[in-house]
Amino acid sequence: MADKPFLTDIKTLRERARQHIEKGAVTEGYTADRNTVIKLLNEALATEIVCVLRYRRHHFMASGIDAESVAAEFLQHGIDEQGHADQIAERIVQLGGEPNFNPEGLLTRSHAEYVEGVTLVDMIKEDLVAERIAIDSYREIISYVGNEDPTTRRMMEGILAVEEEHANDLVSLLEGYGGRHDTKQAASQA
Ligand SMILES: [Fe+2]
Ligand SMILES: [Fe+2]
């Protein structure tokens with residue numbers, strides 16, 4: 001073991017970098033299963049897009065029932081999810097894949113669901129469920145990628161941390177409404 005160099009020597013690294021330069025960011029040292037990583041990232045992309053749509057629906061519906069602080073929170077979460085979708089799409093392209101924005105099959109690819117919800121409390125609960133699904137599935141993607149694609153792993157870790165914050169925000173909102181179902185009354189106290 002003692003004579004085994006820890007790093008690939010610079011000459012080999014430079015030679016490798018010159019071969020297959022059309023592969024861009026994907027070098028010979030990329031050991032992850034690229035197609036699987038791209039597939040998982042496309043599922044995460046679909047999840048984010050569905051979350052954007054659901055949060056925007058909830059934002060406008062909450063605005064309609066005069067629950068301004070909750071509406072503002074939904075809007076901010078939707079903006080965050082759009083940012084995640086963009087980060088993931090960019091990474092898919094870096095890996096030589098194509099981000100799937102096709103509306104057909106979007107819900108099948110997505111891990112999270114699109115539930116409209118009737119009352120404000122329903123909406124908050126559905127968003128919380130979706131965040132918890134995203135948290136679990138992103139954690140799995142992170143452990144799958146492991147050390148074989150640190151850039152994808154770091155990106156997903158950053159996104160996961162935001163989803164955990166989102167879930168926390170939603171729990172606080174739910175506590176604020178005491179889980180009550182009288183939306184109008186709850187909204188008037190917002
Ligand atoms: Fe997200
Ligand atoms: Fe989220």
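Every number here is computed from the coordinates shown, using simple stated rules; none is lab data. As the structure is a prediction and not an experimental result, all values here were calculated from the model. Note that we place each Cβ from the backbone using ideal geometry, even for glycine, and neighbour counts take in every protein chain shown.
Here are the numbers for the structure shown:
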quantity	calculated
Asp122-Ala25 pseudo-label distance in nm [points 7 Å out on the Cα-to-Cβ vector]	4.1
Integer Hz, Karplus 6.51/-1.76/1.60 couplings in order for the stretch 122-137, x for Gly and Pro	4, 4, 4, 5, 5, 5, 5, 4, 4, 4, 5, 5, 4, 4, 5, 6
Karplus-derived HN-Hα couplings along the stretch 71-83 (A = 6.51, B = -1.76, C = 1.60, θ = phi - 60°), whole Hz, x at Gly and Pro	4, 5, 5, 4, 4, 5, 4, x, 5, 4, 5, 4, x
Unit charges on C-beta of K, R, D, E only; dipole of the stretch 33-165, Debye	300
FRET efficiency, 1/(1 + (r/R0)^6) with R0 45 Å, evaluated for Thr108 and Ser172 via beta carbons	0.90
Estimated distance in nm for a label pair at Thr151 and Lys11, the labels positioned 7 Å out from Cα along Cα-to-Cβ	2.8
Order of His59, His166 - criterion: other Cβ atoms within 10 Å of each residue's Cβ, fewest first	His59, His166
Residue exposure sequence - Ser143, Ser110 - by fewest surrounding Cβ within 10 Å	Ser143, Ser110
Which of Tyr55, Tyr177 has the fewest Cβ neighbours within 10 Å, and the rest in rising order	Tyr177, Tyr55
Estimated distance in nm for a label pair at Glu164 and Glu98, the labels positioned 7 Å out from Cα along Cα-to-Cβ	3.6
